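The values are calculated or read from the model by the stated rules, or taken from the named source; none is laboratory data. The structure presented is a predicted model; accordingly, all values stated were derived computationally and were not measured. FYI the Cβ positions are ideal-geometry reconstructions off the backbone, even for glycines, and counts take in every protein chain you see. These area figures cover heavy atoms from the full protein model, side chains too; ligands, DNA and RNA do not enter into them. Shrake-Rupley method; radii C 1.70, N 1.55, O 1.52, S 1.80 Å.
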Amino acid sequence: MLNILFLSMSLSLAVETTTATNPDPILKEMTQSEAKAKTKSEVKPEIKEAPKTVPNVVAKANSAPKLIYFSKDTTEVFNKDIQPLIKKWSDSANMDISFVSFAEKNSDSTEKMIAKIKAIPEDTKIIVLGWNEKKNADRTKVIDEFNKLTQKGVMFVAAAGVPQPGEGSCDLAKTLWGSVDRAVILGELQDSERLVPMCFYGPEMLTALRLPDQEKGRAPLYFVSHLLKKWNKNTSEQWLAQFRKKKMKSKKIWPEMNELITL
């Protein structure tokens with residue numbers, strides 16, 4: 001918000017009149033009338049500048065959006081395996097990424113997840129979710145917290161995910177991230193252009209990406225790392241609108257990433 005200071009200038013004029021010991025009443029009246037007229041003509045009216053408006057612009061060209069990565073990987077895996085991939089994909093050292101792990105036992109309880117969500121900095125622009133799971137009554141609290149962030153302009157990029165061992169697959173709409181408003185959900189492909197086995201699937205999925213073997217399971221990070229190169233050219237709302245538009249116009253079952261992020 002711009003604070004505009006208005007400069008007010010007022011002029012005060014002192015009018016000196018010279019009178020005789022026994023002033024002529026007519027002359028006195030004329031002198032006073034002339035003084036009033038002179039004062040009125042010389043005093044400038046107060047001038048206020050019109051308030052300046054701030055255009056709806058995207059982030060500064062050299063600024064990096066704050067990114068949070070929620071994952072069930074350990075911190076060791078993130079530092080050793082994932083961070084090098086992010087730097088490789090993004091070709092940028094100008095990244096502001098924080099890692100939040102739910103790898104420890106019971107660290108992914110609903111209460112602990114909500115506590116970590118509420119601790120997210122206000123200037124966070126993107127949240128990457130590295131796994132997915134079926135939702136239940138208790139987990140709807142997590143969805144509600146994430147939906148509050150989408151209303152503030154935070155973009156969610158999430159893995160379509162696969163079920164826990166021993167569980168069957170289901171529609172994305174019945175999963176956590178499939179229930180987050182406007183989440184960008186990404187699946188992964190096998191060499192045969194088919195989704196990985198048991199992958200959660202539904203119209204909520206934006207597309208599915210094919211990654212090299214050593215990079216599999218990282219589709220959301222792969223997508224975001226490339227998106228960051230162009231992030232400042234649009235607002236988050238404009239990017240989401242572009243993704244939807246490109247998907248609708250694409251003739252491919254799985255639109256390629258470059259097709260989606262090319263302006």
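Hey, if we sort Met95, Met205 by accessible area with the 1.4 Å probe, largest down, what's the order?
Met95, Met205
Determine the percent antiparallel among the DSSP beta bridges restricted to the stretch 134-263, to the nearest 5.
20
What figure in square angstrom, to the nearest 10, would you give for the accessible area of Ile68 with a 1.4 Å probe?
Roll a 1.4 Å probe over it and Ile68 shows about 10 Å².
I'd like to know which of Leu172, Met198, Leu260 lies farthest towards the positive end of the charge dipole of the stretch 158-263, counting +1 on Cβ of Lys and Arg and -1 on Cβ of Asp and Glu.
Leu260
Quick check for you: which residues of the stretch 173-201 have the amide N under 15 Å from the point 7 Å beyond the Cα of Glu237 toward its beta carbon?
Only 182 fall inside the zone, counting backbone N under 15 Å.
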